[in-house]
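Let me begin by presenting the structure, written as structure tokens, before commenting on it.
Coordinate-derived values only; no laboratory data. On a predicted model such as this, the values are computed, not experimentally measured, just so you know. Virtual Cβ from ideal backbone geometry, glycine too; neighbours counted across all protein chains shown.
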Amino acid sequence: MSLLLQSERASVEKEPTLEKGEALINSIRFYGEREGDTPEEAMTATSAALYEYLMARVRPQLAKNEPCRVPFADAKEYLQLEKSSRLMGHMKALSSTWVSYDFLDVEEGFEEAGERVQLMNCSVSTKAGERFIKVEMFPSVRKAILAAKVYTHLELGAFPRFSSKYAHRLYPRLALMAGRELRPPMRWTPQELAEILGWKPPTWKFGNFEARVLNPVIADIHEHVRRFEISCEYVRGAGRGHPVTEIVITVGNAAVTPEEIQKAEMDRSARTRVRRIAKDAAVDDTTQMPAEDHLRRAATRLGEPATVVASMWTEAFADERIMEILQKDGLNAAFESWVQRQEGTISVILAEGYGLSDIAPVIDDHLWTGNQPRTLRVVWNADGERRQRDFEVNPTDRDLGHFWMKNEDLIADLDMLDLEVAA
């Protein structure tokens, strides 16, 4: 978290993030201090940034079910505030903001809908002359945060830079979409999006909503969110003036750092097998095998059990390029480089009855016209066991399409989709 307190923003790879669950993002509704108040009366952009920062700071302590404390000095540095009085004003705004959630409490078997609770209760705590923000949350909200299985990572460096007080409402929804494999365009009527963002004017005019809310929010996302990109388009009706009937936001794929990838399961038996794999391959378990967390995340990325990844890694010691990185930059850099190469590997699954001797000359004779080398991994069954061999080729999608078509009797499957094949 110390990187957030520096004057210059940290790189996207190093900047701390906030892990926020889907239920909290999609079900939250904001209210002001009094019944019927609109969200914008309760929170400003700076108040929202303080909320996200406090959520990130207290998240590791939530399981203890105790009040959490954050130093005044850290919060002021994050928000670039000089006076404690201004910080206390934003603390009061958070304590005066009431919200409702609509998520299922699976442990107790009931749904809490429409129940209004404090977004966050902030008070001042002092210890040895130092002031802290004491943070408390409603028990069901705490439980929902801890139980979240679907979540996204939010860039903590973005929130204090947002100029619009509405940006923090839309950004988490976009980030959640950016983390999905399938990302259909997000569509709302102008009135629907205005309600999500909490803009409720006495008289509705799209031009006012566009100028005061939508355009500043989109500008904030474009300028300060670095992990994905968005585009915003309008669908217009056929009536007088061609009114905007739909707002369509398309979200690009999110960049994910290795630390944020979920870790594959690995039980005691698998750990024992990994140690045995290293021993059998004469690979030092402490200096040449990746740490368990790195191994489990690599297993998730490659879609293989951790034991299979461990076995594949020991075979990489025959690769001079990997050994060069290992000696020059260390184990973690070498392992990450190797994992990235595996992610770019093209798997060629041979049909039953065929083996390496059938496909090797075909690969050597095929015309590869690309500029970038990639690994072609041939996989086949022999005597009931899976075998594989890697070849380095310079393919284009068109090359791969022709390769598959010319050898469809040999190849049962090839893991590239939408290959470009000439007619």
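Below is a table of values for the structure above.
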item	result
Residues His242, His90, sorted so that the one with the fewest Cβ neighbours within 10 Å comes first	His242, His90
Distance between region 142-205 and region 353-394 - C-alpha centres, whole angstrom	46
Normalised per residue, the volume of the convex hull around the Cα set of region 162-270 (Å³)	128
Dimensionless Rg ratio for region 195-249, taking C-alpha atoms and the 2.2 N^0.38 Å reference	1.28
Stretch in the chain that is longest and holds no trypsin sites (Lys or Arg not before Pro) that DSSP places in a loop and that have at most 12 other beta carbons within 10 Å	241-423
Within-11-Å neighbourhood charge of Ala148 [Cβ basis; K, R +1; D, E -1]	+2
Cα gyration tensor, region 268-416 - rounded (a/c under 1.5), prolate or oblate	prolate
Förster-model FRET efficiency, 60 Å R0, Asp267 and Arg240, C-beta, rounded to 0.05	0.35
Tail fraction, Cα-Cα pairs, the chain, threshold 28 Å, whole percent	62
Percentage, to the nearest whole number, of Cα pairs in region 116-197 over 16 Å apart	72
Mean separation of Cα contacts under 8 Å (6+ apart) over length of the chain, as relative contact order %	11
Estimated Rh, region 245-329: Kirkwood, alpha-carbon pairs, angstrom	14.7
Using a Förster distance of 56 Å, the FRET efficiency for Glu136-Ala360 (Cβ separation, nearest 0.05)	0.25
Simple label model, 7 Å out from Cα along Cβ direction - Glu315 to Thr250, nm	3.9
GNM result for the chain, Cα springs below 10 Å: residue of Asp365, Asp397, Asp285 fluctuating most strongly	Asp365
Label-point gap, in nm, between Lys83 and Glu392 - each point 7 angstrom along Cα→Cβ	6.4
Distance (nanometres) between label positions extended 7 Å along Cα→Cβ at Gln327 and Thr286	2.3
Cross-link partners of Lys76 among lysines (Cα-Cα below 28 Å; sequence separation of 8 or more within a chain)	Lys14, Lys20, Lys64, Lys92, Lys127, Lys134, Lys165
Given charges at Cβ of Lys, Arg, Asp, Glu: the chain dipole, positive-most of Ala291, Ala211, Val393	Ala211
